[in-house]
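Undergrad: Please read through the structure below; I'll follow up with questions.
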Amino acid sequence: MPKNKGKGGKNRRRGKNENDGVKRELQRKDGDEQAYAQVQKMLGNGRLLAFCFDGRTRMCHIRGKLRKKVWINTGDIVLVGLRGYQDDKADVILKYTPEEARLLKNDGSLPESATLNENEDNDVGDVEFLDLPDSGDEGDAVADQDRHYDISSSSEEETSEEESGDEDFNEEELAAGKHLKPTKAR
């Protein structure tokens, strides 16, 4: 068997992001064969549902060049190639960055009613923590917030339950926690 003299295969090249910082030229649609669209729903298996700005909703297929290299999310603006033989299907050719989509909207290529996803990927999933003002007695504040539920009933409650004869609870009351009585923190 011959010895491999290369620097790796497809999986090695897949990890590289060579043109990450390169600014590309804005690609516009060519005639009636292409249209601008906004992704409505990801369907899986390289397919998505997109609202084309010509007024139709089409099922689109993500071409192989973009698959697993360019991640497309709901709300993204894409360029789709229309099929001459199937009017309700299209192929995704290009995904526009938020900056490119803003330029298209300012030029009038996209309608004014189009909503753009202005947030970048690094803003997704951020958690915001609020600082609460310090109070003098932190222990009292915690004790006031704590509520302990006592499953065993007190002697007064036992006598009232014996008189009513309803010691059995149905499943709905148990699930709702109606049989639990709130008590003060100890």
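Undergrad: Add +1 for every Lys or Arg and -1 for every Asp or Glu among the other residues with Cβ under 11 Å from the Cβ of L94, and state the total. Mind showing how you got there, number by number?
TA: On the way: positive: R24, R28, K29, R63, K65, K95; negative: D76, D91, E100.
Charge balance in the 11 Å sphere: +3.
Undergrad: Further question: May I ask you to derive the FRET efficiency for Q27 and S113 from their Cβ-Cβ distance with R0 = 30 Å, giving the value to the nearest 0.05? Let's see the in-between values first.
TA: Values: r = 23 Å, r/R0 = 0.76.
My answer for the efficiency is 0.85.
Undergrad: Would you kindly state how much longer the chain becomes between D88 and L43 on full extension, computed as 0.36 nm times their sequence separation minus their alpha carbon distance, in nm to one decimal? Walk me through the intermediate numbers first.
TA: Working: separation 45, 0.36 × 45 = 16.20 nm, distance 1.53 nm.
Contour length minus Cα-Cα distance gives 14.7 nm.
Undergrad: Just read off the accessible area of K65 with the full protein assembly in place, 1.4 Å probe, to the nearest 10 Å².
TA: Its accessible surface works out to 140 Å², give or take rounding.
Undergrad: What is the ratio of the Cα radius of gyration of the range 32-104 to 2.2 N^0.38 Å, where N is its residue count, to two decimals?
TA: Values: Rg = 11.1 Å, N = 73, 2.2 N^0.38 = 11.2 Å.
Against the compact-globule rule of thumb, the ratio is 0.99.
Undergrad: At a Förster distance of 22 Å, what's the computed FRET efficiency of T57 paired with V127, Cβ-Cβ distance as r, to 0.05? Write down the numbers at each step before the final one.
TA: Working: r = 35 Å, r/R0 = 1.57.
According to the calculation, E is roughly 0.05.
The values are calculated or read from the model by the stated rules, or taken from the named source; none is laboratory data. These numbers were taken from a predicted model, which means no experiment stands behind them. With ideal geometry, Cβ positions are generated from the backbone for all residues, glycine too; neighbour counts draw on all protein chains shown. Remember, those area values only see protein heavy atoms, side chains included, never the ligands or the DNA or RNA. Shrake-Rupley method; radii C 1.70, N 1.55, O 1.52, S 1.80 Å.
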